[in-house]
Amino acid sequence: MACLSDIDLATLHQHRLEERFSYKLAWSGAGAGLQQQQQQLTHYNDLLVRHSASLQRQRLSKSGGYYKSGARTGNSSSGSSNKHQQPDNMPTSQSQQNSSNNNDRNNSMDDEDERDNYYRSRRRSGTWPRTRSLNAPSPFQQFGPCGRIMKNSAMVMQIQDPASQRLTWYKPPLTVLVIKKKDSQVLLPFVQLVEWLVQEKHMVVWVESAVLEDKLLRDDVKLEQESAKFRGVHEKFCGVRARFLALRDKLVTFKDGRDDLTDRIDFIVCLGGDGTLLYASQLFQQSVPPVMAFYLGSLGFLTPFQCDNFQEQVTNVLEGHAALTLRSRLRCVIHRKGERRKESLQQQQSALHIGLQKSNLHRHMNNVEFNSNNNGSPPSSNSILVLNEVVINRGPSPYLSNIDIFLDGKYITSVQGDGLIVSTPTGSTAYAAAAGASIIHPSVPAILVTPICPHSLSFRPIVVPAGVELKISISPDSRNTSRVSFDGRNDQELHHGDSLRVTTSIYPVPSICSQDQITDWFDSLAEGLHWNVRKRQKCLDELSDLTASGSEDKLDEFDYLKIYDE
């Protein structure tokens with residue numbers, strides 16, 4: 001259950017007051033007299049005034065302490081205006097409302113200086129508290145005098161403001177996984193970070209076993225069998241190699257695909273480009289530890305941290321002073337045609353023998369077990385979680401892909417082209433952006449469906465809600481099969497009758513922000529993709545200096561240039 005902030009609780013309390021008053025009017029109806037309705041209205045206004053005044057006193061008394069936890073939750077700017085806003089069907093007294101506002105303003109006059117000093121200090125530091133939630137405002141649930149949304153259990157849902165998502169540790173993190181890019185330029189920052197984590201922070205550091213096999217970090221390499229260029233690089237990293245060998249025995253290693261890291265890692269540090277974050281997502285197919293990504297690669301769209309002062313930045317994260325971006329992932333499951341037949345056959349057999357005696361049923365289960373052991377392992381429903389996208393393409397075939405798309409079991413359309421991209425908002429800046437999709441903030445719950453070179457001028461990329469399930473299958477009349485890959489890995493073939501089911505996973509990737517969700521994302525757009533970078537358009541004053549017809553000096557200069565050219 002998500003924790004609600006003070007402003008969220010205030011808004012919830014206000015909504016309950018409004019609903020309570022609306023229900024009283026609805027139940028009293030025509031049976032209640034005008035005097036009773038006026039008493040209810042006066043009581044409701046008093047509750048709102050006292051509630052607004054107490055909330056304002058609470059904010060002013062806390063001043064800077066209220067914002068210490070980072071980004072605020074709730075919509076304070078709109079919430080403050082909504083506190084005195086009455087429903088449309090409710091008679092209001094403007095004079096009472098104005099008088100209550102004046103009283104609140106006079107009572108808070110003594111605390112304005114303290115609040116101004118707080119905002120001046122925030123302005124000097126360059127950081128401002130959020131006054132508005134990143135979630136959409138909750139819609140009013142009454143439509144006209146008669147209509148409203150029917151209340152049910154599914155309607156009650158609490159969504160935490162993404163701007164308030166802060167990292168906290170239930171207990172101090174002890175194990176850290178360090179993932180580095182395969183590049184010689186990353187060796188020095190990698191050794192410095194590992195050395196600092198082991199010696200200063202006394203943490204257990206996990207690394208991939210391939211790191212220990214790196215020739216630049218080993219002293220038993222036969223240099224005479226290597227090239228002259230490699231020998232020069234090997235000699236260059238002599239000091240780095242000596243520091244790494246001194247703490248090599250203190251490192252814990254694992255192998256991808258063999259060792260399970262679930263519930264073994266408390267914290268992840270990535271050194272490299274965006275591929276290191278994708279690799280970390282692939283390692284954890286369930287809950288993912290918090291990921292801190294340092295920019296040491298080519299693009300660095302998902303890596304907001306710099307290695308200049310990594311000690312201070314990592315310390316802040318270990319102490320819990322960091323914002324999080326929950327990057328949603330897609331849960332992908334491939335259903336093979338033969339497996340579906342086997343599942344349906346087993347269901348029919350079990351339903352057929354329900355009325356049999358216990359001995360016959362036991363003998364039947366033994367036969368089923370014997371048959372499954374002979375035919376291989378039973379059908380598995382192992383899923384693959386992807387952070388960027390799942391791509392279905394025609395592979396090496398010269399024919400167009402013919403792919404059917406179903407949304408929650410309903411047929412939507414067919415894709416005739418090179419393929420289809422189903423991506424997360426995080427993946428909207430990757431392959432989907434190259435195929436013409438919109439760029440979506442990672443905190444937006446959505447799934448992007450983007451065709452690859454469709455043979456149709458009207459097939460545009462679409463965005464669907466994150467809670468739907470997409471079923472993708474090869475059309476029966478397709479000339480060829482298709483290939484499917486997950487974040488560029490695990491390439492497989494989809495045959496006729498096979499299907500791929502995609503939906504949003506409950507296990508996101510908690511990516512640690514350098515500043516906050518908005519700043520980091522737009523900095524990545526500007527620096528990584530050069531978003532909206534163009535040559536500046538000249539203003540009218542600069543153009544008038546060159547083209548003003550009333551300027552005799554400019555006309556004489558133009559005539560001189562014309563004569564000189566002749």
Inset, instruction - State which residue pairs qualify: first residue of a type in the set (S, T, Y) and inside the range 257-276, second residue outside any strand (DSSP E or B) and open to solvent by less than 50 Å² (accessible area, probe 1.4 Å) in any location, beta carbons under 9 Å apart, and separation of 6 or more residues or different chains. - result: T262/F284; T276/L296; T276/G297; T276/L302; T276/T303
Inset, instruction - Give the range 178-199 a look and list any residue that's more than 20 Å from V233 (Cβ to Cβ) and in contact with a Cys (Cβ under 9 Å, 6 or more places away or on another chain), or say none. - result: V178, I179, L193
Legend entry - Odd one out for T325 among (1) modelled with pLDDT of 90 or more; (2) within 21 Å of E469 (Cβ to Cβ); (3) open to solvent by less than 90 Å² (accessible area, probe 1.4 Å): (2)
Legend entry - For R248: the one exception among (1) closer than 28 Å to F284 by Cα; (2) in contact (Cβ under 8 Å) with a residue 40 or more places away in the chain: (2)
Inset, instruction - Restricting attention to the range 475-498, report how many residues are open to solvent by 10 Å² or more (accessible area, probe 1.4 Å), part of a strand (DSSP E or B) and at negative phi. - result: 6
Legend entry - Verdict on V333 being in contact (Cβ under 8 Å) with a residue 12 or more places away in the chain, of a type in the set (V, I, T) and part of a helix (DSSP H, G or I): no
Legend entry - Residues that are part of a helix (DSSP H, G or I) and either at positive phi or surrounded by 15 or more Cβ atoms within 10 Å (Cβ to Cβ) (or both), drawn from the range 249-300: D274, G275, T276, L277, L278, Y279, A280, S281, Q282, L283
Inset, instruction - Would you list the strands (runs of 3 or more DSSP E) that sit entirely within the range 379-444 and hold 1 or more residues that are open to solvent by 30 Å² or more (accessible area, probe 1.4 Å)? - result: 384-386, 389-393, 401-407, 410-417
Legend entry - Looking only at the range 517-546, and only at residues there that are at pLDDT below 90 and among the charged types (D, E, K, R), the one that is farthest from T325 (Cα to Cα): D545
Legend entry - Residues located in the range 446-474, provided they are open to solvent by less than 70 Å² (accessible area, probe 1.4 Å), over 18 Å from R331 (Cβ atoms) and in a loop (DSSP other than H, G, I, E, B): P454, S456, F459, P461
Inset, instruction - Of all residues in the range 211-241, count the ones that are out of contact with any strand residue (DSSP E or B) (no Cβ under 9 Å at 6 or more places or on another chain) and either open to solvent by less than 60 Å² (accessible area, probe 1.4 Å) or not in a helix (DSSP H, G or I) (or both). - result: 20
Inset, instruction - Look at the range 447-461 and say how many of its residues are within 21 Å of Q517 (Cα to Cα) and out of contact with any helix residue (DSSP H, G or I) (no Cβ under 9 Å at 6 or more places or on another chain). - result: 1
Inset, instruction - Would you check which residues across the range 182-209 are open to solvent by 50 Å² or more (accessible area, probe 1.4 Å) and more than 27 Å from the chain's Cα centre (by Cα) and list them? - result: D183, Q185, L188, Q192, Q199, E200, K201, H202, V204
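The values are calculated or read from the model by the stated rules, or taken from the named source; none is laboratory data. Please read all numbers here as calculations on a predicted model, not as lab measurements. Here the Cβ is made from the backbone with ideal geometry for all residues, glycine too, and neighbour counts use every protein chain on show. With ligands, DNA and RNA removed, areas are computed over all heavy atoms of the protein, side chains included. Shrake-Rupley method; radii C 1.70, N 1.55, O 1.52, S 1.80 Å.
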